[in-house]
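**Q** Let me begin by handing over the structure; questions about it come next.
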Amino acid sequence: MTSATIKLDCVTKTFDGKVVAVDAVTLDIRAGEFFSLLGPSGCGKTTSLRMIAGFEMPDSGRVHVGGQDITDVPVHRRDMGMVFQSYALFPHRTVAENVAFGLRMRDVPRPEIAKRVAAALAQVALTGLEERRPGQLSGGQQQRVALARALVIEPRVLLCDEPLGALDRKLRQQMQFELKELQQRLGVTLVFVTHDQEEALAMSDRIAVMNKGRVEQVGAPTEIYERPRTRFVADFIGEINLLDDGPCPGALRPEKIRLVPVADARLEGTVETANFLGGATLYRVAAGGRTYLARETHSGERSPRAAGDAVGLAWNDTDVVPLES
Amino acid sequence: MSMPPNKQPFDLGKAAYLGLNLLLLAFLLAPIAIVLVFALNPTPYISFPPVGVTLHWFDKFFETADFMRSLWLSLWIAACVLVLSVVIGGACALALARGNLPGRAFLTAFFMSPLMLPAILTGLALFQSYLLSGIGRPLWGLIMAHTLIAVPYVLRTTLAVLHNFDRRIEEAASVLGASPARVFFEVTLPLIQPGVFAGGVFAFIVSFDQFPVSLFLVVPKGETLPVVLFNYMKFDLDGAIAAASMVSILLALAVVLALERLIGLKAYVKL
Amino acid sequence: MTTRPPVSRRALLRTGAGLAAAASFGAPAILHAETKTLKITTWGGKWGDIMKATVLPAFEKEHGCTVSADQAFPYVPKLQVSPRNDPLYDVLHTNSNEQWLSVVDGLVMDKITAKEVPNVADVYPYAVSDKIVGVSIFTSAIGLGYRTDKGITPPKSWKDLADPKLAGARGGYLIPVNSLGQCHLMMLGKIYGKGLQDLDAAYKALEQLKPIKLVDFTGQMEKMLLSGEVVEGVIHDSGVYRYEGANRQPVDFCSPSEGVMALEQVLNVTPGSKVKELAFAYIDYMLRPDVQKLLAEGVWYSPANKKVKLEAKYDAKLLTTPEKVATLIQPDWKWYNARKDDIDARVTKILKG
């Protein structure tokens with residue numbers, strides 16, 4: 001399967017003449033990359049994706065795929081695969097007919113359609129369900145059909161709009177693995193829209209964090225997590241202690257805070273709550289007139305502290321990430 | 001040893017619900033039952049209890065040329081109205097739901113307005129305008145009048161389907177390479193079809209049973225069945241009327257069942 | 001229980017032929033340009049059958065024209081809406097009350113005389129009286145119909161309808177929609193008050209008739225009498241006499257001693273008619289003794305033409321002599337129509353509940 005680069009060049013989209021959904025966004029997505037657009041609802045991530053797909057026409061700026069300017073190419077000629085949150089399967093067609101749809105539109109000969117549909121269904125482990133209708137399938141199965149339908153046309157680009165959002169947690173994690181594995185196997189460029197930071201961190205090669213129509217930061221998951229550039233990114237990704245006092249603001253991840261005896265402490269405080277998370281415990285500690293979040297990983301024995309206990313907090317200055325103001 | 005089943009407490013609400021439904025059913029079906037009794041009873045008036053059973057009135061209905069002519073005419077008109085109102089109503093609904101038209105609320109109200117107006121006024125107004133514009137009262141004028149009344153039914157059911165329509169399904173088709181026309185025929189049309197045809201069934205029945213609008217628009221020897229029955233009733237009120245009603249009901253039922261069979265009104269989609 | 005065969009195959013075959021007829025209905029009949037069409041209204045039922053089978057074809061043949069006969073009510077509103085210079089009908093056949101409504105609006109001619117319609121010279125005076133616009137070609141007598149098998153004394157007077165024994169078993173009409181009801185109301189004014197126009201007396205008398213079974217048209221009253229739901233009620237003679245011979249039912253008609261009300265079948269011509277000569281010829285034709293006899297004996301209407309000689313059994317019951325015709329009371333519809341709204345409101349209130 002071939003893959004293609006995607007480039008959004010200073011793309012702006014306004015709705016109803018006033019709501020700026022996407023504001024001068026520039027993105028370079030590499031060929032074969034798993035690229036996530038991450039942000040809260042209304043940040044412009046879906047609109048960006050829909051402009052790549054061709055459902056929305058940018059007010060200004062251009063969209064390039066594989067080095068070609070496709071801004072004016074209609075949706076049905078863009079040769080992309082897309083998976084929707086609602087799956088958007090054709091309810092009046094069988095699983096096989098759903099998957100065959102894109103091939104039929106391309107006038108692929110019938111025997112070849114049958115072969116490729118079978119292969120695509122095998123790929124998503126749905127062999128045997130060809131004659132079912134979408135309404136007779138579970139959510140996970142529907143998601144797989146949607147995936148097979150999008151991939152069977154061998155698109156250069158696969159667009160996913162919160163594709164796992166409707167699945168329960170366990171199934172979602174399983175599908176995350178499967179999707180990632182499939183993407184790597186096929187080498188397709190995948191643009192993944194999500195508001196779930198854990199999902200983005202787990203699956204992506206790179207992430208663009210968006211807020212209010214703008215891209216706040218683009219980077220690999222580790223980079224985004226460990227070196228958030230803005231206060232928004234720091235706050236949106238995982239739990240964070242924002243240190244606003246002092247001349248320049250900084251951010252400190254809870255796991256970088258150690259709970260130490262009061263004597264060795266940088267700050268003295270009192271445990272407010274202690275949430276047992278299984279592999280770790282998350283403490284809320286009142287200290288110095290505010291609340292700190294501290295995560296203690298359990299390696300070996302737990303050092304149980306309960307609400308009301310006096311604790312000391314300590315961290316290294318190098319773990320404080322400076323934020324742009 | 002298995003446990004004895006737990007005794008379900010008597011659920012008053014459930015019983016009342018069941019009772020109410022049975023009552024409603026009886027309320028809806030009782031008139032039909034009365035008509036049937038009248039149609040099978042030999043006396044030319046409603047007598048209860050019935051004094052016997054005869055098919056005489058059915059025979060009279062089928063033997064009377066005026067009834068037969070008007071019955072077929074009514075069926076023919078209703079079939080035309082079904083087709084026309086499905087096409088017009090369906091197209092209107094799509095335009096209203098999808099067209100991004102200015103004044104959409106106004107347009108919707110406008111197309112629905114034949115439902116708000118007493119049909120007798122619609123009939124009279126059409127009659128007047130037909131005569132004034134020199135059209136006279138051609139058959140197509142009557143069909144158009146029925147269509148006018150029937151379109152809102154198709155419009156309403158189709159709009160309801162379109163309202164719940166997940167447009168992502170159409171987007172999925174277009175991103176898979178379907179041109180707008182193919183999206184319409186491959187996806188949109190099959191999915192709104194149950195709504196359109198449910199409206200079509202209403203349209204058929206509205207036309208077949210139409211009296212007030214037809215009243216002014218029928219021509220001598222071109223009267224529809226309801227008009228003929230109404231006029232027949234003024235002079236000969238007998239069981240033929242009831243027989244005609246039974247035949248109408250059965251025909252309407254047959255058409256609904258046929259359409260159901262043909263098109264499958266029971267949507268396979270949760271729309 | 002009757003042993004009629006079920007719906008015959010012939011009947012079903014005929015319905016098939018009907019389909020073909022309906023299918024070809026879309027194409028308008030192509031008429032020869034020179035063939036004139038006379039547009040009339042006429043009644044349905046037995047009357048309509050005779051008209052369609054015999055009377056109208058003969059007229060068409062005689063005059064080389066086509067008659068388009070509208071049997072679908074309501075005639076007057078339809079006529080009202082159509083352009084005056086190209087009216088929907090050339091001849092309006094309806095009851096006198098509607099003729100009066102129409103003449104007020106200029107929809108029909110005032111008078112029809114022997115000059116236009118020679119046979120008018122032979123009609124009884126009532127047919128062209130000052131209570132008539134156009135010409136009455138037949139009349140029925142409105143009186144009392146009653147059951148002969150329910151042990152009631154046969155009525156002789158309109159007052160007998162008020163007999164307390166008839167409570168709930170007497171029949172009348174929804175006065176706003178039925179001219180027989182309107183006639184009855186006026187008659188109440190005459191027998192209980194100072195005359196046909198004594199509405200106060202009429203209202204009071206109407207109150208005394210409660211409880212009363214009300215219907216909206218005469219066909220229903222016939223059926224109520226036949227089923228015994230009504231034992232005595234206001235009805236026209238033809239509605240009772242038609243059940244004779246093999247069709248005999250235990251009902252009879254009484255012409256009350258105070259007189260019967262006239263229910264005239266009136267023909268009139270629209271001033272804007274484009275085939276006025278033909279229209280007059282049609283009325284003249286309808287007044288011909290042979291046509292009058294045919295229809296009179298067909299539906300038990302009393303012919304307006306004095307020269308008609310009916311078979312003995314019809315002659316015995318219908319108004320065929322000057323003496324019998326003299327018992328007819330003609331209401332003043334112009335007067336009534338002018339007050340109709342007030343009367344409707346009042347009687348609705350009285351008969352409610």
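**Q** Placing unit charges on C-beta atoms (Lys and Arg positive, Asp and Glu negative, everything else neutral), compute the dipole magnitude of the protein assembly as shown about its Cα centre in debye, rounded to 20.
**A** Using Cβ point charges on Lys, Arg, Asp and Glu, the protein assembly as shown gives about 1600 debye.
**Q** Further question on the same structure: Mind ranking C:190-197, B:201-208 by how tightly packed they are, going by the mean number of other C-beta atoms within 10 angstrom, highest first?
**A** Result, highest mean Cβ count within 10 Å first: B:201-208, C:190-197.
**Q** Moving on to the next point. So if R0 is 35 Å, what FRET efficiency would residue B:185 and residue B:17 give, r being the distance between their Cβ atoms, rounded to the nearest 0.05?
**A** Working: r = 44 Å, r/R0 = 1.24.
With a Förster radius of 35 Å, E is 0.20.
**Q** Mind checking B:164-174 for the average number of partner chain beta-carbons within 10 Å of each residue's beta-carbon?
**A** Mean partner-chain Cβ count within 10 Å for B:164-174: 6.
**Q** Beta carbons within 10 angstrom, averaged per residue: use that to sort the peptides A:231-243, C:239-251, highest first.
**A** A:231-243, C:239-251
**Q** Determine the percent antiparallel among the DSSP beta bridges restricted to the stretch A:117-236, to the nearest 5.
**A** Of those bridges, close to 50 percent are antiparallel.
**Q** For the stretch B:64-235, give the magnitude of the charge dipole about the Cα centre (Cβ charges: +1 Lys/Arg, -1 Asp/Glu; no others), in debye to the nearest 20.
**A** For this selection, approximately 200 debye.
**Q** Please report C:184, A:64 as a ranked list, fewest other C-beta atoms within 10 angstrom at the top and most at the bottom.
**A** The order, fewest Cβ neighbours first, is A:64, C:184.
**Q** If you take every DSSP beta bridge fully contained in the protein assembly as shown, what fraction is antiparallel? Give it as a percent rounded to 5.
**A** 65
**Q** While we're here: To the nearest 20 debye, what charge dipole does the stretch C:175-272 have about its Cα centre, counting +1 at the Cβ of each Lys and Arg and -1 at the Cβ of each Asp and Glu?
**A** Numbers: 8 positive and 12 negative charges, 19 e Å.
Roughly 100 debye for the stretch C:175-272.
**Q** Any lysines with Cα under 17 Å of the residue C:274 Cα? List them, leaving off those in the same chain fewer than 8 positions away.
**A** Partners within reach: C:36, C:39.
**Q** Which of B:174, B:79, B:211 sits closest to the plus end of the dipole of the stretch B:64-235, meaning its Cα is farthest towards the positive end, when Lys and Arg get +1 and Asp and Glu get -1 on the C-beta?
**A** B:211
**Q** So how do A:314-320, B:247-253, C:260-266 stack up, highest first, on mean other-Cβ count within 10 Å? Intermediate values should be presented prior to the final figure.
**A** On the way: A:314-320: 13.1, B:247-253: 15.4, C:260-266: 26.7.
Sorting A:314-320, B:247-253, C:260-266 by mean packing, highest first, produces C:260-266, B:247-253, A:314-320.
**Q** Below 22 Å, Cα to Cα, which lysines can residue C:340 reach? Residues fewer than 8 away in the same chain don't count.
**A** Partners found: C:78, C:131, C:190, C:194, C:204, C:210, C:213, C:349, C:352.
**Q** Under the Kirkwood approximation for Rh and a Cα-based Rg, what ratio Rg/Rh is obtained for chain C?
**A** 0.99
**Q** Which net charge results when you count Lys and Arg as +1 and Asp and Glu as -1 among the other residues whose beta-carbon is under 13 Å from that of residue B:255? Walk me through the numbers before you get to the answer.
**A** Numbers: positive: B:261; negative: B:209, B:260.
Cβ neighbours under 13 Å give a net charge of -1.
**Q** Ok, one more. List the lysines whose Cα lies under 30 Å from the Cα of residue A:7, skipping any in the same chain that are fewer than 8 positions away.
**A** Cross-link targets: A:18, A:45, A:180, A:212.
**Q** Can you tell which of B:230, B:90, B:185 lies farthest toward the positive end of the dipole of the stretch B:64-235, using +1 and -1 charges on the Cβ of basic and acidic side chains (Lys, Arg; Asp, Glu)?
**A** Ranked along the dipole, the leading option is B:230.
**Q** Quantify how strongly other chains surround peptide B:235-242 by giving the mean number of their Cβ atoms within 10 Å of each of its Cβ atoms. Please list the in-between numbers first.
**A** Working: counts 13, 8, 11, 4, 0, 0, 1, 0.
Average per residue, whole number: 5.
**Q** Please figure out what share of the DSSP beta bridges in chain A is antiparallel and state it in percent, rounded to the nearest 5.
**A** Values: 46 of 65 bridges.
Close to 70 percent.
**Q** Considering every residue in B:47-53, what mean count of other chain Cβ atoms within 10 Å of its Cβ is obtained?
**A** On the way: counts 5, 1, 0, 1, 2, 3, 2.
Per residue, the number of nearby Cβ atoms from other chains is 2 on average.
**Q** Moving on. With Cβ to Cβ distances under 9 Å as the rule, what net charge do the other residues near residue C:188 carry (K, R +1; D, E -1)?
**A** Charge balance near residue C:188 sits at +1.
**Q** Picking from A:41, A:114, A:166, whose Cα lies most toward the positive end of the charge dipole for chain A (charges on Cβ: Lys, Arg +1; Asp, Glu -1)?
**A** Going by the Cα projections, it comes out as A:114.
**Q** Mean shadow of the stretch B:64-235, computed from the convex hull of its alpha carbons, in nm²?
**A** Numbers: hull surface 46.4 nm².
Taking a quarter of the hull surface, the average projection is 11.6 nm².
**Q** Quick check on the stretch C:223-353: take the gyration tensor over C-alpha atoms, sort the square-rooted eigenvalues as a ≥ b ≥ c, and tell me if it's rounded (a/c under 1.5), prolate or oblate.
**A** It is oblate, given that a/c is not under 1.5 and a/b is not larger than b/c.
**Q** Near residue A:17, within a Cβ-to-Cβ distance under 15 Å, what is the net charge of the other residues, with Lys and Arg +1 and Asp and Glu -1?
**A** -2
**Q** Given the DSSP H assignment, sum -39500 (n - 2.57) over each helix run of at least 4 residues in chain C and divide by its residue total; what's the result at 222 nm in deg cm²/dmol, nearest 500?
**A** -11000 deg cm²/dmol
**Q** Among the listed pairs B:60/C:52; B:60/C:223; C:46/C:309; C:156/C:309; C:52/C:111, give every one whose C-alpha distance is greater than 24 Å.
**A** Checking Cα-Cα distances, C:156/C:309; C:52/C:111 exceed 24 Å.
Bear in mind that the values in this text are calculations on the coordinates, not laboratory data. Because the structure is a prediction, the values reported are computed rather than measured. Virtual Cβ from ideal backbone geometry, glycine too; neighbours counted across all protein chains shown.
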